[in-house]
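S.K.: Following this message is one structure expressed as structure tokens.
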Amino acid sequence: MMKHFKMGAVFALSLTMLLAGCGSGGSGGGGSASGGGKGLDVDPAEVALPLAETATIKGLTNFPAGTESEPNNRTIFKRLEEETNVHVEWKTIQSDQWGDKIALEMANVKTLPEFVFNAGFSDTDLLKYAKQGVILNVEEYIDKYMPNLCKVFEQAPEYRAMCTDADGHIWALPWIEQLGYEKTAIQTIDNMPFINKNWLDFLGLEVPTTVEDFEKVLIAFRDNAADLKKEFNIEGDIIPMSCIMNDGGQDPMVLINGFGEGIGDPDKGRHIAVTDDKKVISTGTTEGFKKGVAWLHELYAEGLIDPEAFTQEWSTYVAKGKSGRYGVCFSWDIANIAQVSMDDLIAGKGWVPLPVLTADTRNLTPQNGSFTSGFDRGRCVITAVAENPALICSWLDQMYAPLQSPQNNWGTYGEDDDFDIFEMSTNANGEPMLKHTWLGDASPVEVREAEAVGGPLAILDSYYDVYVTCPDDAQYRLDWIKDVYTPDMHTKYVFPNVFMTTEDTKEISNLQADITKRINTAKSDWVMNGFTDADWDQLQADLQAYQLDKYLGIFQKYVDEYYK
């Protein structure tokens, strides 16, 4: 029998802490261009939840395609309204249209909402909207009206520092998800490579550990396509390796880490890495990048890489994967791409993570920013049209309650459909704890998209087995990282998650547009068509023309300051 606990205790605790305040001494917002300080004279008791009378606030959020478009129809928001007596009048945008529409929303003050819940704003966005006076700085609101977030900052003060700009202001409420730490953190590797263990076993092959053996395995998949199709009842052509070039977790560049200096290309948005002597370099200038891309072209020329890898969208990539056509593919979680059960993944059947491949050396460079685990500085903002920012912050603070954050992030319990992410259980001390339920063959991302609401939240490592269990799919990924990848992470440093000044953020953004595009274009072209030494030299000349040294110099300044 599932146990159901009312969340009233969370709000009672919030009230007590609200009256006490955070007391961190954050810098004041009254003199900021954003109009910070608006509503700071509100007595905390007046906005302590639940309210005596219903109040309405206005928010903007997004929703994944194919899921519930009205947030108030989601169980999480239904419960929050019942327990806070705050009604949210939502405006929504489908997630795949967010990038095109959010800038227009932020530019129209007549229709601007009071807060943006799933903003996902970059540092450039935050500082631009701050300068324009479109958003409020919230450090004093946090101190006065957000006790749950204050407690998070007290337990992990690095996150408050990461939220704060050079002038001492906090322009947004963060998303924090701790799963593992430093080289065991779940974010150290994004584009995890997976290999079809069923195909390997059928062909009598071992999981490859060198680039030479990997190529032989792909050739075996290609040359035995007819037998594989018959044995596994596959419709459509066998694809030895598929990916989506220049697309985050689906990009194949994790394979080239062993070439040259062993740096690879762990930051596909900025193409930077930090050497063991704390020097920021561009991965697009390294010998390993040159040799690794040349090797990928060899694989492509042999018909081992999906010819649609340069153009396919996520839906196409998944559809082919679910049809069982891939020998190797890349993603955050193989269950999102292939038909495989969680039981099989835990048992090492069906699909297994491909280990680091040895070429000239053996190394895996962790992703930049990953040592502080999952973090989004710009997840939620309060806009300048907010009539009662104190109330909005008080309501948003409930997202940081230890029993609420996991639900917002992953899903909830007591749903009226076929599945629940959680059941409400108890921990070893008999206190309320969210216990993950078994998802079986269901895709974790699809299940969570149907229930979760995202937004600002915080899940710390200390919460596991106290407020919430660790997700099974996260646990096996953490185990893979610790057992398969961490032993080969010989790199000492990653670029830290820093909040640059307005000037530096703007400069980086301008320079990065040309530099990243040039590297990405070269990478795709060269994997498909090959390249000459003259092509390589031209890339280096172009990067210098795009002021690569200036670009790296800005990053270097922050590395020097961070590690000082």
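The values are calculated or read from the model by the stated rules, or taken from the named source; none is laboratory data. Only a predicted model underlies this, so the values are computations on that prediction, with no experimental measurement involved. Cβ placement follows ideal geometry from the backbone for every residue including glycine, while neighbour counts extend to all protein chains displayed. Note: areas computed on protein heavy atoms with side chains; ligands, DNA, RNA excluded. Shrake-Rupley method; radii C 1.70, N 1.55, O 1.52, S 1.80 Å.
S.K.: For the pairs Lys278/Lys557; Lys91/Lys128; Lys101/Lys268; Lys290/Lys523; Lys268/Lys290; Lys291/Lys550, note any where the Cα-Cα span goes beyond 20 Å.
M.R.: From the list (Lys278/Lys557; Lys91/Lys128; Lys101/Lys268; Lys290/Lys523; Lys268/Lys290; Lys291/Lys550), the Cα-Cα distance tops 20 Å for Lys91/Lys128; Lys101/Lys268; Lys291/Lys550.
S.K.: Can I ask one more? Report ³J(HN,Hα) in whole Hz for each residue of the range 223-232, in order, from the Karplus equation J = 6.51 cos²θ - 1.76 cosθ + 1.60 where θ = phi - 60°; Gly and Pro get x.
M.R.: So the J values, rounded to whole Hz, are 6, 10, 4, 4, 5, 5, 4, 5, 5, 10.
S.K.: For Lys151, which lysines qualify as cross-link partners when the Cα separation must be under 28 Å and same-chain residues fewer than eight apart are set aside?
M.R.: By straight Cα distance, Lys151 reaches Lys3, Lys6, Lys38, Lys58, Lys78, Lys183, Lys435, Lys564.
S.K.: If each of Phe419 and Glu68 carries a label point 7 Å out from its Cα toward its Cβ, how far apart are those two points in nm?
M.R.: 1.6 nm
S.K.: Mind giving me the nanometre distance, one decimal, between the label points for Asp213 and Ile346, set 7 Å out from Cα along Cα→Cβ?
M.R.: Once both label points are built, they end up 2.8 nm from each other.
S.K.: Around Cys470, which amide H atoms from residues at least 5 apart in sequence, or from another chain, sit under 5 Å from its own amide H, with H modelled in the peptide plane?
M.R.: Excluding prolines and chain starts, which carry no amide H, the hits are Asp465.
S.K.: Mean separation of Cα pairs under 8 Å and 6+ residues apart, divided by the residue count of the range 432-564: what relative contact order is that in percent?
M.R.: Averaging sequence separation for qualifying contacts and normalising by length gives 27 percent for the range 432-564.
S.K.: Work out, step by step, the length gained on full extension between Asp465 and Glu82: first 0.36 nm times the residue separation, then minus their alpha carbon distance; give nm to one decimal.
M.R.: 135.2 nm
S.K.: Please state, to two decimals, what the Cα-based radius of gyration of the range 349-443 comes to when divided by 2.2 N^0.38 Å (N = residues).
M.R.: Normalised Rg, Cα atoms only: 1.63.
S.K.: Related question: Rounded to the nearest 20 debye, what is the charge dipole size of the range 477-528 about its Cα centre when +1 sits on each Lys and Arg Cβ and -1 on each Asp and Glu Cβ?
M.R.: Charge dipole, the range 477-528, about its Cα centre: 100 debye, nearest 20.
S.K.: Is the range 70-155 rounded, prolate or oblate when judged by the Cα gyration tensor, a ≥ b ≥ c being the square roots of its eigenvalues, rounded requiring a/c under 1.5 and prolate requiring a/b larger than b/c?
M.R.: Since a/c reaches 1.5 but b/c is at least a/b, the shape of the range 70-155 is classed as oblate.
S.K.: Next question. Using the Cα gyration tensor of the range 280-321, with a ≥ b ≥ c the square roots of its eigenvalues, what is the shape: rounded (a/c below 1.5), prolate (a/b larger than b/c) or oblate (neither)?
M.R.: Oblate.
S.K.: Follow-up. Give me the percent of accessible area attributable to carbon and sulfur for the chain, probe 1.4 angstrom.
M.R.: Summing carbon and sulfur atoms, their accessible area is 48 percent of the total for the chain.
S.K.: Please give the peptides 534-547, 492-505 ranked by average Cβ packing (other Cβ atoms within 10 Å per residue), highest first, as a rough proxy for protection.
M.R.: Averaged packing, sorted descending, gives the order 492-505, 534-547.
S.K.: Would you mind checking which residues have amide H under 5 Å from Thr210's amide H? H placed 1.01 Å from N; only 5 or more apart, or other chain.
M.R.: Thr358
S.K.: What do you get for Rg/Rh over the range 267-421 if you use C-alpha atoms and the Kirkwood form of Rh?
M.R.: 1.05
S.K.: Right, next: Collect residues whose amide H, placed 1.01 Å from N in the peptide plane, falls under 5 Å from the amide H of Phe422; neighbours closer than 5 in sequence don't count.
M.R.: Thr412, Tyr413, Thr437
S.K.: While we're looking at this one, here's another question. Between Glu431 and Gln475, what length in nm is gained on full extension when 0.36 nm per residue of separation is reduced by their alpha carbon distance?
M.R.: 13.6 nm
S.K.: Still on this structure: Enumerate the calculated ³J(HN,Hα) couplings along the range 402-412 in order (Karplus 6.51 cos²θ - 1.76 cosθ + 1.60, θ = phi - 60°), each rounded to whole Hz, writing x wherever the residue is Gly or Pro.
M.R.: Residue by residue, the range 402-412 yields x, 8, 8, 4, x, 5, 4, 7, 10, x, 9 Hz.
S.K.: Also, quick follow-up: Which value, in Å² and to the nearest 10, is the accessible area of His87 when all protein chains are kept and the probe is 1.4 Å?
M.R.: 60 Å²
S.K.: Now a separate question. Using only Cα atoms, tell me the angle between helix 98-107 and the longest principal axis of the chain; keep it within 0 to 90° and round to the nearest 10.
M.R.: 30 degrees
S.K.: Relative contact order for the range 147-223: what percent, with Cα pairs under 8 Å and sequence separation of 6 or more?
M.R.: 12 percent
S.K.: Using a Förster radius of 22 Å, what is the FRET efficiency between Asp41 and Glu387 based on their Cβ-Cβ separation? Nearest 0.05, please.
M.R.: 0.95
S.K.: How much accessible surface does Ile186 have with a 1.4 Å probe, in Å² rounded to 10?
M.R.: Counting only protein heavy atoms, Ile186 exposes about 0 Å² to solvent.
S.K.: Compute, for the chain, the length of the dipole vector about the Cα centre, with Cβ point charges of +1 (Lys, Arg) and -1 (Asp, Glu) only. Units Debye, rounded to 20.
M.R.: Approximately 700 debye in magnitude.
S.K.: In addition: Per residue, how many Å² of accessible area does the chain show with a 1.4 Å probe?
M.R.: 40 Å²
S.K.: Where in the range 300-339 does the label zone of Asp535 land, with the point 7 angstrom along Cα→C-beta and an amide N cut-off under 14 Å?
M.R.: So the set is 300-302.
S.K.: Taking a label point 7 Å from the Cα of Asp525 along the Cα→Cβ vector, which residues of the range 223-260 have an amide N closer than 19 Å to it?
M.R.: 245-247
S.K.: Would you mind calculating the relative contact order of the range 89-239 from Cα pairs under 8 angstrom and at least 6 residues apart, reporting the percent as a whole number?
M.R.: 11 percent
S.K.: Each residue of the range 496-513 in turn: what ³J(HN,Hα) in whole Hz from Karplus with 6.51, -1.76, 1.60 and θ = phi - 60°, glycine and Pro shown as x?
M.R.: Couplings: x, 8, 10, 9, 6, 5, 4, 5, 5, 4, 5, 5, 4, 4, 5, 5, 5, 4 Hz.
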